[in-house]
Every structure is written in C-alpha cells, then in structure tokens.
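Asks: Here it is, the structure, as structure tokens.
The values are calculated or read from the model by the stated rules, or taken from the named source; none is laboratory data. Small disclaimer: the values here were computed from a predicted structure and weren't measured. Cβ placement follows ideal geometry from the backbone for every residue including glycine, while neighbour counts extend to all protein chains displayed. These accessible areas exclude ligands, DNA and RNA; they are computed on the full protein's heavy atoms, side chains included. Shrake-Rupley method; radii C 1.70, N 1.55, O 1.52, S 1.80 Å.
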Amino acid sequence: MSIADLEDKIRDRINARRLQHDLIRRGADWNKLCSALDVIGDTELGLAAYLGHPRIEDDGLCYLHVYGALQILQTQQDAVEQVCRALGIKPQASPKIPEIREVRSSAVGHPSAQQEDNVVKSNFIVRASLSQHAFTLMTVFSDDRQFVQRNVSVPALIEQQKAALGGTLTEIIRILDEAEMKHREQFKDEKLADCFPPTLGYFFSKIFEALHSSTYFPLGKMHVELVAECLAKLRSMLEKRGEWGIYDSVNYEYELLEYPLNELKAFFTNRQASKFTEKDMYIFCSFVKDQLKSLQQIADEFDKQYASLPGVGPLSSNVN
C-alpha cells in the first residue's frame, strides 16, 4: 500500500467523530497532526515529481534536485514522527531512518565539518559523478585515515524510506484500530435501538387518547414520561460511550424534541396553567412521534458501526 493510501487511512480514523473530538480538545496535538499529515502528502507529491522528471544535463539543476530530494526525505521522516507524537504512539521502529539522515547530513545538511569521535569529517559531492538521481560522496578525515568514496542512489533511498515509513504508518493504523475495536467490543452488545421499545407506539396512542378524553387524561403524563425516558436512556448510553455532544445531528434532534415533550408534560401536570390547547398538544405529540424516527435511524447506524470493524461501515452523513 502506498504512503498516500496509508495517509488517507489515518485521516479516516482521526476524523471519526469521537477520536477527533478528543484530539481537538488537545489543540496543539490536533494542529500538529493535521500539519504533519499534510506534509506527508506534500512530500509524496514532491518525491513523485522528482522521480518522474525528465533527464537533466545542467549541473546546477542536478544539485537542486539532489539537495531537494534529500531534504524532502528527512522532512517526511520528521512528519511521520510528529504523527506518532500527536497520537501518543511509540512505533517499534523509529520513523527517523539513520542511514538516510546520515547521507542527507553529509551531502547537504552539514557537509563541510562533522565531528565523530574527536575526528572532523568533511564531505564532497564529486561533480563529475553527479546526475539528478545519483552521485559519489567523498569523505576525508582529519586523522590519518584514507578518504572514502561511496555511491549514492537517491531513488534507492526513496524506496528504502517508502518501505520503512510504510511499516510505521501501517503500525499506527493497527494501533488506532485496536483501540477503537476495544472500545466497540465494550459496548457492541448494548444496542441503542433498544432505547426505543416496541411499546413506543402504544405510549403515543395513550397520549392521543388522553388528549381526547377527560377519562383518560390522567394517563397522559405517565406516557409522556415514558417517551421522555427513551430519550434520557439514549443520552445516558451515548454519554457512557463518549459519543454524547459531539454530533450536530444528534444534538439537533434531541434538542428539537425536548421542548414539545416538556410542554406536553406541563400540560398533563396542570392543564389550566398551560398556555396551549388540546389541539396544540396534538400537534406537539404528532411532531414528537414523527421526529423520533430520525433518532431511531441514528441509533441503528450507531449499532451497525459498533458491530463492524474500524474503517468499515462508518456512520452515514445523517450523523455528523
């Protein structure tokens, strides 16, 4: 799987609303994460353009390409490390690849003077060997050692990095999925759909009956409260999962139902004190009955998500 594909998969997971909500609350980590993922994608574009560029003969342009490619490789490593830091993940292998960083430092970063065991090393790109994709790097030492030369293939370094960072990004996805799966396993048998019992239709029939008959009027308040309990149970279960208050659609539907339910309860508690008539209450009750279908659909989608694997079966656009 390509680096770009793995980047997209990480974005899918961090944009899952519960994890995203937690990350956004840690503002610096969220900003760092978004920036680092952008850099991973940007550097992939840069490396692809580098590898696909037509042959260059001009030495100056060859230097620009080699310098740029080596810097991009290190920048990409640093970005993957920042993704790990922002997510609190310590991968088995560091995304900082020592061999590639050493080549970049010697050829581009600090070629003139490097200290190693009290010996100064100086490096030279042999211009006669230079192409846009490769060069010979000569290193001389301040002690009595003989100079050394090595051939550097930048495309080979790119392939090495793709393999290494691909492993790190895959590990990040696996760790995120394991954490999400652990959370889902904890709640997957608690169905949100059960907040809406089969007797819900019966509750509404009793409320309508209470509005039309003084004999059954005393039963109205009890059945309004039974409907309200369904909403309260849904909220409680979402709070327990850390899913409450982070979906605009759930907040909207819930708040939309609170007002008519409160007015229905007040009407059946003290009819004389209410500013509404039976016809008003009939409209309120009809609205609540119809609007609850939206929450039931949302509850079904949550249940399907919790029964699925991470990255499969995400909540639809109805839950946002």
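Asks: How would TYR63, TYR247 line up by accessible area, probe 1.4 Å, largest first?
Replies: Numbers: TYR63 45, TYR247 10 Å².
Listed by decreasing accessible area, they come as TYR63, TYR247.
Asks: Would you compute the Debye intensity of the stretch 208-320 from its alpha-carbon atoms alone, equal scatterers and no solvent, and pass along log10 I(q)/I(0) at q = 0.17, 0.22, 0.23 Å⁻¹ to two decimals?
Replies: -0.83, -1.16, -1.24
Asks: Right, something else. Between LEU309 and PHE141, what is the label-point separation in nm under the 7 Å Cα-to-beta-carbon projection?
Replies: Placing both labels 7 Å beyond Cα along the Cβ direction yields 5.2 nm.
Asks: Rounded, prolate or oblate, given the Cα gyration tensor of the stretch 103-147, with a/c below 1.5 counting as rounded? Please list the in-between numbers first.
Replies: Details: a/c = 3.40, a/b = 1.78, b/c = 1.92.
The shape class here is oblate.
Asks: What does the extension gain come out to for GLU209 and ALA128, with contour length at 0.36 nm per residue minus their alpha carbon separation? Write down the numbers at each step before the final one.
Replies: Numbers: separation 81, 0.36 × 81 = 29.16 nm, distance 9.54 nm.
Result: 19.6 nm gained on full extension.
Asks: Short version: ³J(HN,Hα) in whole Hz for each residue of the stretch 303-308, in order, from phi by Karplus 6.51 cos²θ - 1.76 cosθ + 1.60 (θ = phi - 60°), x for Gly and Pro, what are they?
Replies: So the J values, rounded to whole Hz, are 4, 5, 5, 5, 8, 9.
Asks: Restrict the search to the stretch 169-203; then list the GluC sites (Glu not before Pro) that DSSP places in a loop and that have at most 16 other Cβ atoms within 10 Å of their Cβ. Kindly include the intermediate steps, with their values, before the conclusion.
Replies: Details: sites: GLU171, GLU178, GLU180, GLU185, GLU190; in loops: GLU190.
Sites meeting the loop and neighbour criteria: GLU190.
Asks: In whole percent, what relative contact order does the chain give with Cα contacts below 8 Å and a gap of six or more residues? It would help to have the intermediate numbers written out before the result.
Replies: Numbers: 349 pairs, mean separation 52.1, N = 320.
Here the relative contact order equals 16 percent.
Asks: Also, I was wondering about something else. If you roll a 1.4 Å probe over the heavy atoms of the protein chains, what accessible area per residue do you get for the chain, in Å²? The partial results should precede the final answer.
Replies: Values: 16990 Å² over 320 residues.
Heavy-atom accessible area per residue stands at 53 Å².
Asks: Output the direction-averaged projected area (hull surface divided by four) of the convex hull of the alpha-carbon atoms of the stretch 1-108, in nm².
Replies: Values: hull surface 31.7 nm².
Computed as one quarter of the Cα hull surface, the answer is 7.9 nm².
Asks: Okay, moving on. Using every Cα-Cα pair within the stretch 164-270, state what percent have a distance larger than 15 Å.
Replies: On the way: 4109 of 5671 pairs.
Everything past 15 Å amounts to 72 percent.
Asks: Could you tell me the calculated FRET efficiency between ARG184 and TYR216, based on Cβ-Cβ distance and R0 = 51 angstrom, to the nearest 0.05? Please report the intermediate quantities before stating the final value.
Replies: Numbers: r = 44 Å, r/R0 = 0.86.
Computed FRET efficiency for ARG184 and TYR216: 0.70.
Asks: ³J(HN,Hα) across the stretch 201-211 via Karplus (A = 6.51, B = -1.76, C = 1.60, θ = phi - 60°), whole Hz, x for Gly/Pro?
Replies: x, 5, 4, 5, 4, 6, 5, 4, 5, 5, 6
Asks: A further question on this structure: Could you give me the ³J(HN,Hα) list for the stretch 288-296, computed from phi with Karplus coefficients 6.51, -1.76, 1.60 and θ = phi - 60°, whole Hz, x at Gly and Pro?
Replies: Coupling constants for the stretch 288-296: 4, 4, 6, 6, 4, 4, 5, 5, 5 Hz.
Asks: Stretch SER112-LYS265 to full length: gain in nm at 0.36 nm per residue minus the Cα-Cα span?
Replies: Numbers: separation 153, 0.36 × 153 = 55.08 nm, distance 8.16 nm.
Going from the current span to full extension adds 46.9 nm.
Asks: Report the charge-dipole magnitude of the stretch 220-269 in Debye, nearest 20, computed about the Cα centre from +1 at each Lys and Arg Cβ and -1 at each Asp and Glu Cβ. Provide the component values of the computation, followed by the final result.
Replies: Working: 6 positive and 9 negative charges, 48 e Å.
That gives the stretch 220-269 a dipole magnitude of about 240 debye.
Asks: A further question follows. Please give the peptides 99-108, 138-147 ranked by average Cβ packing (other Cβ atoms within 10 Å per residue), highest first, as a rough proxy for protection. Each step should come with its number before you reach the end.
Replies: Working: 99-108: 17.6, 138-147: 11.5.
The packing order, highest mean first, is 99-108, 138-147.
Asks: Enter the mean projected area of the convex hull around the alpha-carbon atoms of the chain, in nm², rounded to one decimal.
Replies: Details: hull surface 92.0 nm².
Taking the Cα atoms of the chain, their convex hull projects to 23.0 nm² on average.
Asks: Once you have the Cα-Cα distance between VAL148 and MET1, take 0.36 nm times their residue separation minus that, and quote the gain in nm to one decimal.
Replies: Details: separation 147, 0.36 × 147 = 52.92 nm, distance 3.72 nm.
Length difference between fully extended and current span is 49.2 nm.
Asks: May I ask you to give the percent of accessible area on the chain that is carbon plus sulfur, with a probe radius of 1.4 Å?
Replies: On the way: 8900 of 16990 Å².
Carbon-and-sulfur percentage of accessible area, whole number: 52.
Asks: More than 13 angstrom separation, counting every C-alpha pair in the stretch 143-182; what % is that?
Replies: Summing the P(r) tail past 13 Å for the stretch 143-182 gives 68 percent.
Asks: Can you give me the Kirkwood hydrodynamic radius for the stretch 29-180, using every pair of distinct Cα atoms, in Å to one decimal? Intermediate results must be reported in sequence, preceding the final value.
Replies: Working: mean 1/r = 0.0592 Å⁻¹.
About 16.9 Å, per the Kirkwood formula over Cα pairs.
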